[in-house]
Ligand SMILES: Nc1ncnc2c1ncn2[C@@H]1O[C@H](COP(=O)(O)OP(=O)(O)OP(=O)(O)O)[C@@H](O)[C@H]1O
Ligand SMILES: [Mg+2]
């Protein structure tokens, strides 16, 4: 996973997640508050610049993470661009030509890109375990946090298991035809399903052995100069929102 | 205080599916000793371990810690598990958080300690397993051996009196095994009782003060490795004898006695030194 | 089918979040109840979330040639029950947004509603009614998984049509449009997912009857909390 790589290595790794969270939320608000394409463009530029020049995310890495989402956005906008004609003869699908509609689509596209830029700023700079402890401070229910902690830890274990099986199956030509492939995949998923029970039972026993009898709790490590970073992030966030609102 | 830190008395255990995994098993684990538990696959080592910190409760028989019977109430189990730490075989089924520091803090948090103490213990535990430098790396980017050391740190941070490790050397390369042995040595020097289940007879022979050999759910033999690992019935149960012992035996058939100073070598290095000593003795009559 | 980050108007984004919230709360309550009776369920559901996440990253062989990914909705719902799947699915969707930039924070509510609420409930409702009318097990599984996918995609189409009604034809025209466009990718996906779930359930029944029984939440006894 590409976001993982930079989350642990970027320049802002040790900036308080609260600060990064506040700025991201401001970014989302600004993205939604921007009323003109110009304002959206400004928000996008500022958020991207923050990630690339502030947090030091390499630009190629940034684009590679964003590319699939941008493709997806392109397809989604295309679906807005066409309209359906009933029984009026000619092609059933026509391209939108109404200028009001077109500017609406541009607006949606801008908002989407700006929101994406805000999201990327957070995910490219903050490991998921930090985001989880941030959510803990926001009083998200324990059960949900436990699900997240376990999910984050286990998904790497399970994907490693999948890769091993896939390699083994391919080595025995288990993916040479569609039917073969579906059967192999089915076997793989069935095997993985059983592992869900076995692994969770083992985890349960290991948790008992470490004296756990309730929610999973971990020590939070304080971030240096977090008050300063939070103030800075709040100031920057408010400025971003004001810019988005005020620019015509 | 008695020598026995944990004692099993006629313990039997049957899994829900009917497998009798322990049958009338009695054994003693001595304080401040290095104990190796040996036995073929399915002999019941893991099952016995799961009894030592109350994860499993015997179907019949009793367990004692410091000569006091185990208490299976909530508080009794809490106390027991804070004194008897358990490191399982597979690191991926005992690490809960993707953050190394967080995971090590898990046990101490469960003990309800205060933040300062927990922070100190986490740092000390990570230092003890030589993982302090990797404390900020995510668990999924660690090597197998490093993950294993995080597991040990997680148990160490609870400051138990006994640490039980189920096949800690499995899957480690020679260098990692050596490092882990050094870690265990430091812990033992620090006054912790260490119990290890292993299939590595040579390791057990060189490392342990006391060996327990299990067979079909019961104790077959116990004593110092030199005393028991060469017995024929133990050799049969384990399928082999330690290589060092075999070499010493072959040498003795050639008339070379390594027992010179009344002490038989138990590790490769000791053997090499002993052979060298014999050679120099013969060179300078 | 995910809706892109920032794609929905603010009011809709908030509206769908509010609509999903009670299901998440309900799901959490049922999970908490399960955990208090069987503490090992905490781990089970966490690992199940990871399982669903990993599953959705697998490539499925597709009949039409376009590559697609299983959603795991049907399988998850049959194994873990629809109520628990709202929080589990919510976590998975959040992770997809955070780790893969797929979906988003602002559209999380809408995506949860279609994929973690409508899909699972549809899957279980179909599975139960199919078993009730004594359809063969395989057929029930196939129908549950593939129709759940179709229900999910119809919900997404409705969400988009509500947000972007057609200038002249209003909601119905827009809905028909989105249904039509997505059909190209979603119908083959639903069929593939149906077959995959079928193969998986067959393998589970054949080799792991014991685990399947345990899925009805029978704890492994003997382990002391
Ligand atoms: N969860 C379980 N359910 C049923 N039977 C089990 C379970 N775990 C272990 N057993 C059985 O109990 C017996 C003892 O197993 P145990 O795992 O204690 O052996 P072991 O000495 O640790 O073996 P190994 O060296 O392979 O780890 C075996 O016959 C095994 O099949
Ligand atoms: Mg074992």
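The residue pairs whose first member lies in segment B:185-196 and is in the same structural domain as residue B:164 (by TED's automatic domain parsing), whose second member is assigned to a helix (DSSP H, G or I), and whose beta carbons are closer than 6 Å, counting only pairs six or more residues apart or on different chains, are B:194/B:184; B:194/B:188. Taking (1) in a helix (DSSP H, G or I); (2) more than 21 Å from the chain's Cα centre (by Cα); (3) within 16 Å of ligand 2 (Cβ to nearest atom) in turn, residue B:13 satisfies each apart from (1).
When the residues of segment C:87-107 are filtered to those that are more than 18 Å from residue A:127 (Cα to Cα) and under 12 Å from the mean Cα position of the chain (by Cα), which remaining residue is farthest from the other protein chains (Cβ to nearest Cβ)? Top of the filtered list is C:89. Hey, any hits in segment A:197-219 for a residue that's within 14 Å of chain C (Cβ to nearest Cβ), out of contact with any helix residue (DSSP H, G or I) (no Cβ under 8 Å at 6 or more places or on another chain) and in a helix (DSSP H, G or I)? Yes, some residue in segment A:197-219 is within 14 Å of chain C (Cβ to nearest Cβ), out of contact with any helix residue (DSSP H, G or I) (no Cβ under 8 Å at 6 or more places or on another chain) and in a helix (DSSP H, G or I). Given the condition outside any helix (DSSP H, G or I), touching a residue at least 60 places away in the same chain (Cβ under 8 Å) and at the interface with chain A (Cβ under 8 Å from one of its Cβ atoms), answer yes or no: does some residue in segment C:77-86 qualify? The answer is no, given that none of the residues of segment C:77-86 is outside any helix (DSSP H, G or I), touching a residue at least 60 places away in the same chain (Cβ under 8 Å) and at the interface with chain A (Cβ under 8 Å from one of its Cβ atoms). Tell me, yes or no, whether segment B:56-65 has at least one residue that is within 16 Å of ligand 2 (Cβ to nearest atom) and either in contact with a strand residue (DSSP E or B) (Cβ under 7 Å, 6 or more places away or on another chain) or at pLDDT 95 or above (or both). Yes; the residues of segment B:56-65 include at least one that is within 16 Å of ligand 2 (Cβ to nearest atom) and either in contact with a strand residue (DSSP E or B) (Cβ under 7 Å, 6 or more places away or on another chain) or at pLDDT 95 or above (or both). Every listed requirement among (1) surrounded by 21 or more Cβ atoms within 10 Å (Cβ to Cβ); (2) under 27 Å from residue A:206 (Cα atoms); (3) within 8 Å of chain C (Cβ to nearest Cβ) is met by residue A:130 save one, (3). Within segment B:16-56, take every residue that is touching a helix residue (DSSP H, G or I) at 6+ places or on another chain (Cβ under 8 Å) and free of Cβ contacts under 8 Å to residues at least 40 places away in the same chain and give me the one that is nearest to ligand 1 (Cβ to nearest atom). Of everything passing the filter in segment B:16-56, B:50 is nearest to ligand 1 (Cβ to nearest atom).
Conditions (1) under 18 Å from the mean Cα position of the chain (by Cα); (2) more than 16 Å from residue C:6 (Cα to Cα), marked per residue:
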position	(1), (2)
A:6	yes, yes
A:9	yes, yes
A:13	yes, yes
A:22	yes, yes
A:27	yes, no
A:49	no, yes
A:68	yes, no
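Selection of segment B:20-67 for residues being part of a loop (DSSP other than H, G, I, E, B) and within 14 Å of chain C (Cβ to nearest Cβ) yields B:53, B:54, B:55, B:57, B:58, B:59.
In the list A:44, A:57, which residue meets the criterion of being within 14 Å of chain C (Cβ to nearest Cβ) and not in a helix (DSSP H, G or I)? Exactly one of A:44, A:57 is within 14 Å of chain C (Cβ to nearest Cβ) and not in a helix (DSSP H, G or I), namely A:57.
The values are calculated or read from the model by the stated rules, or taken from the named source; none is laboratory data. This structure is a prediction, so every number in the text was calculated from the model and none was measured. Glycine gets a Cβ as well: all are built from the backbone with ideal geometry, and neighbour counts include every protein chain shown.
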